[in-house]
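Peer 1: Below you'll find the structure I mean.
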Amino acid sequence: PQMQHAPMQNPPMEQMPYQAVQQQTGAYGGAAAGQPPSAESIKDMFFSYRGRLNRKPFILRGLLLSVLSSVMSTIMTEMTEASSTVMHLLALLPLLLMVVLSVGTFMLIIRRWHDLGKSGWFTLLLLIPLLNFLVMLYLWFVRGTAGPNAYGEDPLTYRR
């Protein structure tokens with residue numbers, strides 16, 4: 001006797017093999033091409049300190065946060081130069097957004113340290129004048145540890 005099975009419609013994400021998940025999420029854990037990023041993927045890309053982040057997404061995401069911060073700073077400056085008290089109070093909104101962008105930047109830096117096999121506490125080196133420039137050069141140019149380390153799998157392992 002021949003058994004007939006109903007085809008599975010869309011299996012849950014946790015049951016899908018890695019390749020299927022990779023196709024939906026795109027390279028480096030971002031949204032796949034043509035799909036807008038979800039709030040969850042933005043949270044994972046910018047506001048998580050867990051895991052590793054290699055050089056390319058570190059630089060690109062850092063550049064994006066820098067541009068957004070510059071735009072917010074310009075808006076805030078224009079608002080504070082106005083003579084209106086209301087505009088001065090509204091200038092606090094871009095300031096709050098800049099704080100959020102700063103938190104995202106620190107999360108990226110922590111994950112970059114993790115890719116290098118080091119603790120996120122090394123981020124405190126950025127508080128030391130002149131040394132902070134050298135630390136950022138190190139984060140931009142030094143390749144992460146090959147293979148898995150204490151902070152997770154190598155982000156380049158699944159790259160196509």
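Peer 1: Can you list the helices (runs of 4 or more DSSP H) lying wholly within the range 58-160 that have 2 or more residues being within 24 Å of LYS43 (Cβ to Cβ) and open to solvent by less than 50 Å² (accessible area, probe 1.4 Å)?
Peer 2: 92-115
Peer 1: Exactly one of (1) touching a Gly at 6+ places or on another chain (Cβ under 9 Å); (2) without any contact (Cβ under 8 Å) to a residue 40 or more places away in the chain is unmet by SER69. Its number?
Peer 2: If we test SER69 against (1) touching a Gly at 6+ places or on another chain (Cβ under 9 Å); (2) without any contact (Cβ under 8 Å) to a residue 40 or more places away in the chain, just (1) comes out false.
The values are calculated or read from the model by the stated rules, or taken from the named source; none is laboratory data. Bear in mind the structure is a predicted one, so any value in this text is a computation, not a measurement. Methodologically, a virtual Cβ is constructed for each residue, glycine included, from the backbone with ideal geometry; neighbour enumeration extends over all protein chains shown. With ligands, DNA and RNA removed, areas are computed over all heavy atoms of the protein, side chains included. Shrake-Rupley method; radii C 1.70, N 1.55, O 1.52, S 1.80 Å.
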